[in-house]
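J.: To start, I am sharing the structure in question, which I have written as structure tokens.
The values are calculated or read from the model by the stated rules, or taken from the named source; none is laboratory data. Worth saying up front: this structure is predicted, and the values here are computed from it rather than measured. Cβ coordinates were reconstructed from backbone atoms using ideal geometry, including for glycine residues, and neighbour counts include every protein chain displayed. Heads up: the accessible areas ignore ligands, DNA and RNA and are worked out on the full protein's heavy atoms, side chains in. Shrake-Rupley method; radii C 1.70, N 1.55, O 1.52, S 1.80 Å.
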Amino acid sequence: MKKMLLIVMLFSLTGCYSFGRGVASRVIENLEREDTRQCEIRGSQFNGIASYLDKGEVVKVLVVHGIGTHRPGHSAIISESIARSLGLYNFSKPIDVDIMNPGNPAQRLANLRIIAMRNPDGSRKLVFFELTWSDITAERKRVLDFDTSGEFAHRRASFNNAMKAFLNDVGPDPMIYVTDPEKLVLRATQQAICWMLAGGEGEVINDTQRSVCSVSSLARLSGLEKYNIVFITHSLGSRIIMDALGEIVETLADDQVVAGNPALVSKIQAKEMTVFMLSNQMPLLQIGLPAPEVVGQIPGYCREGGRNFDKRAFKKLDIVAFTDPNDLLSYSITQDFVDHYLDSRMCPVVTNIHINVAERLSAFGIDVVNPISAHGNYDSDERVIELISHGNTDFDQNEFL
């Protein structure tokens, strides 16, 4: 495995700096703009979406939201910003697909919105799959509706009432996800991945689709091998997508699958994928849950010559975790967490990006940052968009870094 590259920018005022960039000139620019937001990258080099598009290949991106109530279209800001950054200006008509429960095909779980994007000559194609699972938890959260009704709300200061409404909306979601015996949110995500891997550029799915994705595990693996897959998650979505990927890892560990499809398995084992985690909550959500079956064995699975090298799932899973230090619901991913709580067979490589996505305000001599903005402003931050779109392999080409 490529040696980890440590990139630490201690002197930056606004941007993610590389060594060798003109720090002095950038400092002057930053002072002129009076922008004191910081950005620091610790970890490895990672590719952005552009690295796949430049090869003329189709890229499929699954966006999974996190805590709080969301509606279809919640990814519009980040998906359109990424499209502009990549020069993709032609958008298809959105297709909305009902995600149905595999255990009860009559039960609707979530919405999957699909939008294809391309450049004018069609040489670069990107397909966004946006999963909205809020309906699964909405019914259970109604037990708290009384708390923000007029009977109780008028007793609070307006700011405190707004914060209470926010916490009542976001707080139950992790508890519901962790304790749900039916694992409906996870099932919805697995179904979204199934639809993403089932067809070409989305053309096999229509907006009247109301059936369970019954594509075989082998066909899903074929789609995984064929297409460039990128995941973008927010808060709770980080845990959801890692659990969903665990199903793929277990499929690849099946002796019958390996014995019957050695060429396909070998191609997937040579594959690199990336999960961009905005406001990552992996450490928080690990509390009280069991660790994966295979942990602490990354060198044995991921280094050529390792005793289990032929049993790895992927060549590498880049995990890029964006965290605003003022985001009260976000956490960095330490190497200790990687060793004890991430499946070694995924060959995870973690890069932590500490970035201020919310402005610092001064009131009565006290520095204050709105924690809600610090939790939710990742998708509109130009530096976040730049890193997802183009990675950190060439800082001199990054427009906003």
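J.: Look through Ala244, Ala192, Ala188 and report the one residue that is surrounded by 20 or more Cβ atoms within 10 Å (Cβ to Cβ), at pLDDT 95 or above, within 26 Å of Ser332 (Cα to Cα) and among the small types (Gly, Ala, Ser).
T.: Details: Ala192 fails: within 26 Å of Ser332 (Cα to Cα); Ala188 fails: within 26 Å of Ser332 (Cα to Cα).
After applying the criteria, what remains is Ala244.
J.: Next up: Would you pick out the residues in the range 44-73 that are closer than 21 Å to Ile372 by Cα and open to solvent by less than 40 Å² (accessible area, probe 1.4 Å)?
T.: Residues satisfying the conditions are Val63, Val64, His65, Gly66, Ile67, Gly68, Gly73.
J.: Sort out which residues of the range 74-91 are in contact with a strand residue (DSSP E or B) (Cβ under 6 Å, 6 or more places away or on another chain) and buried (at least 16 other Cβ atoms within 10 Å of the Cβ), and write them in order of number.
T.: Narrowing the range 74-91 to residues in contact with a strand residue (DSSP E or B) (Cβ under 6 Å, 6 or more places away or on another chain): 75, 79, 83, 88, 90-91.
The answer is Ser75, Ser79, Ala83, Leu88.
J.: For the range 253-274, state whether one or more residues are under 15 Å from the mean Cα position of the chain (by Cα), outside any strand (DSSP E or B), closer than 29 Å to Asp327 by Cβ and among the hydrophobic types (A, V, I, L, M, F, W, C).
T.: Checked the range 253-274: no residue is under 15 Å from the mean Cα position of the chain (by Cα), outside any strand (DSSP E or B), closer than 29 Å to Asp327 by Cβ and among the hydrophobic types (A, V, I, L, M, F, W, C).
J.: Something else about it: Under 6 Å between Cβ atoms, which residue pairs at least 6 apart in sequence (or on different chains) link something in the range 91-110 that is farther than 30 Å from Gly122 by Cβ with a partner that is outside any strand (DSSP E or B) and open to solvent by less than 60 Å² (accessible area, probe 1.4 Å)?
T.: What qualifies is Met100/Val212; Pro102/Val212; Pro105/Val212; Leu109/Ile136; Leu109/Leu184; Leu109/Ala188; Ala110/Trp133; Ala110/Ala188.
J.: Run down Asp145, Asp121, Asp169 and say which single residue is open to solvent by 20 Å² or more (accessible area, probe 1.4 Å), outside any helix (DSSP H, G or I) and at pLDDT below 95.
T.: The match here is Asp121.
J.: As an exercise: evaluate Ala138 against (1) assigned to a loop (DSSP other than H, G, I, E, B); (2) over 24 Å from Gly56 (Cβ atoms) and give the number of the one condition it does not meet.
T.: Ala138 satisfies all of (1) assigned to a loop (DSSP other than H, G, I, E, B); (2) over 24 Å from Gly56 (Cβ atoms) except (1).
J.: Also, quick follow-up: Anything in the range 150-166 that is loosely packed, with under 14 Cβ neighbours inside 10 Å and more than 15 Å from Ser373 (Cα to Cα)? List them, or say none.
T.: Gly150, Glu151, Phe152, His154, Arg155, Ala157, Ser158, Asn160
J.: Would you mind finding the one in Ser389, Ser373 that is of a type in the set (S, T, N, Q) and at pLDDT 95 or above? Walk me through how you get there before you give the answer.
T.: Values: Ser373 fails: at pLDDT 95 or above.
Of the residues listed, the single one that is of a type in the set (S, T, N, Q) and at pLDDT 95 or above is Ser389.
J.: Do you know which residues across the range 266-308 are within 18 Å of Val249 (Cα to Cα) and acidic (Asp, Glu)?
T.: Scanning the range 266-308 gives Glu272, Glu293.
J.: What's the number of the condition Ile95 fails, among (1) under 24 Å from Phe276 (Cβ atoms); (2) crowded, with 20+ Cβ neighbours inside 10 Å?
T.: (2)
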